[in-house]
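Single-structure report; data block below.
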Amino acid sequence: MPGKVRRIVTGVNAAGRACIISDTQMPTAEVAPGAPVRAGLWITDAAPASNEGAHDPVPDGVITRIPPAHRGGTVFRIIDFPPDSAHALAPAELERRGARTTPERSAKHPGFHVTDTVDYAICLEGEIWAVLDEGETLMRAGDVLIQRGTYHAWSNRSGRMCRVAFILIDAKPLANH
């Protein structure tokens with residue numbers, strides 16, 4: 001499964017008939033063989049979302065912000081995590097993308113962060129550890145984690161790539177967190 005992600009988008013043509021309006025490998029930029037993929041697949045700005053028109057909110061497959069940019073928005077992406085935490089973003093990069101972190105949590109794992117979202121994390125291939133302030137759990141292909149606005153990090157301690165699909169939905173911040 002590693003490599004680019006095929007994204008197929010449906011819509012309605014001028015005759016009012018359902019059709020495929022886009023069938024694209026994401027991201028559109030070149031990805032070196034064996035390199036991890038970060039494919040932004042879709043974003044919405046509000047709920048309910050509009051299905052009108054043929055606008056593509058992520059034409060290049062790149063989403064630069066971790067949480068949705070607007071209240072009520074969503075983000076759908078697929079990320080490949082290479083083995084042994086080589087994927088971890090520096091705390092400054094996480095903050096630039098809209099996540100929050102603390103020095104204490106970053107000391108536990110450099111990828112520790114929190115967003116004001118409910119995240120559905122679906123392990124598609126491989127295995128990955130979900131690391132929390134207290135405890136951690138191993139996710140394997142087919143497992144789903146519901147991340148409810150808590151501090152967390154991802155740690156791939158296996159010897160192969162892990163692919164995870166994420167759906168982020170805007171949420172109210174947790175109090176005292």
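Only the coordinates and a few stated rules stand behind these numbers; no lab work does. What you are looking at is a predicted structure, and each value in this text was computed from that prediction instead of being measured. No Cβ is skipped: glycine too gets one built from the backbone with ideal geometry, and neighbour counts run over all protein chains shown.
Please report Rg over Rh for the stretch 109-177, where both radii come from the alpha carbon positions and Rh follows the Kirkwood definition.
Checking Rg against Rh, the ratio lands at 0.97.
I'd like the Karplus ³J(HN,Hα) series for the stretch 143-154: coefficients 6.51, -1.76, 1.60, θ = phi - 60°, whole numbers in Hz, and an x wherever there's a Gly or Pro.
7, 10, 10, 9, 8, 9, x, 9, 4, 7, 8, 10
Can you compute the FRET efficiency between Val9 and Asp45 using 1/(1 + (r/R0)^6), with r the Cβ-Cβ distance and R0 = 22 Å? Round to the nearest 0.05.
Taking R0 as 22 Å, the efficiency between Val9 and Asp45 is 0.85.
Stretched out fully, how many nm does the piece from Ser22 to His177 gain, at 0.36 nm a residue minus the Cα gap?
Net length gain for the segment: 51.8 nm.
Sum up the charges of everything whose Cβ sits under 14 Å from the Cβ of Ile78, counting Lys and Arg as +1 and Asp and Glu as -1, but leave Ile78 out.
Values: positive: Lys4, Arg6, Arg7, Arg38, Arg77, Arg163; negative: Asp80, Asp119, Glu125.
Every neighbour counted, the sum reads +3.
How would you order 169-177, 39-47 from highest to lowest mean count of nearby Cβ atoms within 10 Å?
39-47, 169-177
Sort the following peptides by mean Cβ neighbour count (other Cβ atoms within 10 Å, averaged over residues), highest first: 23-29, 114-120, 8-14.
On the way: 23-29: 15.1, 114-120: 19.9, 8-14: 11.3.
With the highest mean Cβ count within 10 Å placed first, the list reads 114-120, 23-29, 8-14.
On full extension of the chain, what length is gained from Tyr120 through Ala54, given 0.36 nm per residue of separation minus the C-alpha to C-alpha distance?
21.2 nm
Determine, from the Cβ-Cβ distance of Asp143 and Ala32 and an R0 of 25 Å, the FRET efficiency 1/(1 + (r/R0)^6), rounded to the nearest 0.05.
0.30
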